[in-house]
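J.: My structure is below; once you've seen it, I'll send some questions.
What follows draws every value from the coordinates through simple rules; no lab data is involved. The shown structure was predicted, so the numbers you read here are calculated from the model rather than taken from an experiment. Counting neighbours? That spans all protein chains shown, and the Cβs are built from the backbone with ideal geometry, glycine included.
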Amino acid sequence: MNLIDLGWNDFFEAHFESIDIKDVKPARIAVQQKDRYIVYCEKGELRAEISGKFRHKALSKADYPTVGDWVAVTVKPEGDGAVIQSLLPRKSKFSRKAVLAGGPKYGDGKTEEQVLSANVDSAFIVSGLDGEYNLRRLERYVAVAYDSGTSPVVLLNKSDLCEDVDSVISEVESTVIGVSVHSVSAIIKDSLEILKDYLGKGKTVSFLGSSGVGKSTIINSLLGYQRQRTGEVRDYDGKGRHTTTYRELIVLPEEGILIDTPGMREIEIWGDEEGLSKAFDDIDKLTAQCRFNDCGHGNEPGCAVKEALDKGELDADRYQNYLKLQKELRRLALRKMGKEAHYQKLQGRKFASMVKEVKKLKNFKRK
Ligand SMILES: Nc1nc2c(ncn2[C@@H]2O[C@H](COP(=O)(O)OP(=O)(O)OP(=O)(O)O)[C@@H](O)[C@H]2O)c(=O)[nH]1
Ligand SMILES: [Mg+2]
Ligand SMILES: [Zn+2]
């Protein structure tokens, strides 16, 4: 395998050069299942595991490699496996809020960042045109994609099952303002030609969207053979019936790299308000026009947001969704701070008990 075809570039090269470990080679994570990995490198496909030193240094879940990451590995002498020694910096990362089992170590927050994929250039947000598309969910995905540093592209799949594609496209386009929207059908190969615009040499695209929308079917169609398992759609519940069960990086024979992912109905946002501003640029601009800098868009005079809502220029559901996402992000920010405070408290407690011990000792001496 050629590293350039796998997405290797100057950015990674520069960081790789500075690694001070003997005989390391660059490799890209294709599959991660708990602590077992499959990596692609110049030698081809190898099974890999994390080195003890790596594990020792890792502070949180997010420090471990995930699909799409570039790592430095040493190849075992037998040549059939590799050991991951170091993780190269990420150009982009797609994270979600993961809720952990809890326990004192995690404080009261119980939330942690889970990096789902890394170094992705574009995110294909797939929805089904067979009645399965939800504008609010699309807005959420777009915000998450912006936050992760990738460009979102909306794919409305199963156009063969839809009578009025154009009206759906215009509705979606007026919702995810500024994002490209394409209607495709996984079973009509020509309709997928447009996707090649995003799949240049070394470019990585990740597929996102609910179970059953046809992510794996599109991937098979692009590959030209049935590599990924696809499944009948029974319902769109998204619970317990994912056909694809793990994330996987796939290299196209021509150009480009794809990441297939299991369906996700809801994605819990992880990030800051920057992605939100980008996804809701229209609301951001309105806010800037409000008379007061700290306008709460309630009953303040000269509120541009309220005026746009009253005139119907800003969709009320869109605005509500924006507020909902903003609230989630603010709650998340508080949790992140809370976790920080928890660690400090733990350290503080340690210090207090040390002082106590010293005092005890002094008293003991005096006696
Ligand atoms: N008619 C039609 N059926 C499609 C199209 N794309 C996918 N399907 C069907 O939709 C079903 C689900 O497709 P999958 O590719 O398994 O869906 P997925 O998004 O990968 O689902 P998960 O892996 O569970 O996340 C399969 O039965 C496909 O044959 C399409 O463009 N048109
Ligand atoms: Mg699938
Ligand atoms: Zn206002």
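J.: Compare Ile21, Ile269, Ile283 in a GNM of the chain, Cα atoms joined below 10 Å, and give the one with the largest fluctuation.
T.: Evaluated over the chain, the most mobile residue of the options is Ile21.
J.: At most 15 other Cβ atoms within 10 Å and a DSSP loop assignment: could you name the GluC sites (Glu not before Pro) in the stretch 256-306 that fit? Don't skip to the end; give the middle numbers.
T.: Numbers: sites: Glu266, Glu268, Glu273, Glu274; in loops: Glu266, Glu268.
Sparse-neighbourhood loop GluC sites (Glu not before Pro): Glu266.
J.: Taking only the Cα atoms of the chain, how large is their convex hull per residue, in Å³?
T.: Details: hull volume 75.1 nm³, N = 367.
Taking only Cα atoms, the chain has a hull volume of 205 Å³ per residue.
J.: If contacts are Cα pairs under 8 angstrom and at least 6 residues apart, what is the relative contact order of the chain in percent?
T.: 15 percent
J.: May I pose another question? Which residue fluctuates most in the GNM of the chain (Cα springs below 10 Å): Lys189, Lys91, Lys57?
T.: Lys57
J.: Within the stretch 149-184, which GluC sites (Glu not before Pro) sit in a loop by DSSP and count at most 11 neighbouring Cβ atoms inside 10 Å?
T.: Values: sites: Glu163, Glu171, Glu173; in loops: Glu163.
Qualifying residues, ordered by number: Glu163.
J.: From the cross-link list Lys53/Lys76; Lys53/Lys91; Lys22/Lys201, which pairs have alpha carbons spaced over 18 Å apart?
T.: Lys53/Lys91; Lys22/Lys201
J.: Another question, if that's okay. Give the calculated FRET efficiency between Arg47 and Ala14 to the nearest 0.05, with a Förster radius of 41 Å applied to their Cβ-Cβ distance. Spell out each step's value before the answer.
T.: Details: r = 28 Å, r/R0 = 0.68.
Plugging the Cβ-Cβ distance into 1/(1 + (r/R0)^6) gives 0.90.
J.: Taking amide H atoms as placed 1.01 Å from N in the peptide plane, list the residues 5 or more away in sequence, or in a different chain, whose amide H sits under 5 Å from that of Ser183.
T.: Leu156
J.: Starting from 0.36 nm per residue, how many nanometres of slack lie between Ser151 and Arg36 once their C-alpha separation is accounted for?
T.: Working: separation 115, 0.36 × 115 = 41.40 nm, distance 2.95 nm.
My answer for the length gained is 38.5 nm.
J.: Using Cα springs under 10 Å in a Gaussian network model of the chain, which residue among Ser277, Ser122, Ser60 shows the largest mean-square fluctuation?
T.: Ser60
J.: Within the chain, which is the longest segment containing none of the chymotrypsin sites (Phe, Trp or Tyr not before Pro) that sit in a DSSP loop and have at most 16 other Cβ atoms within 10 Å?
T.: Working: sites that count: Tyr225, Tyr246, Phe292.
Formally, the longest exposed-site-free interval is 1-224.
J.: Further question: Normalise the Debye intensity by I(0) for the stretch 1-100, one equal point scatterer per Cα, no solvent, then take log10 at q = 0.11, 0.12, 0.17 Å⁻¹ and round to two decimals.
T.: With no solvent term, the Cα-only Debye profile gives -0.30, -0.36, -0.74.
J.: In nm, give the distance between the simple-model label positions of Ala316 and His56, each being 7 Å from the Cα along the Cα-to-Cβ direction.
T.: 6.2 nm
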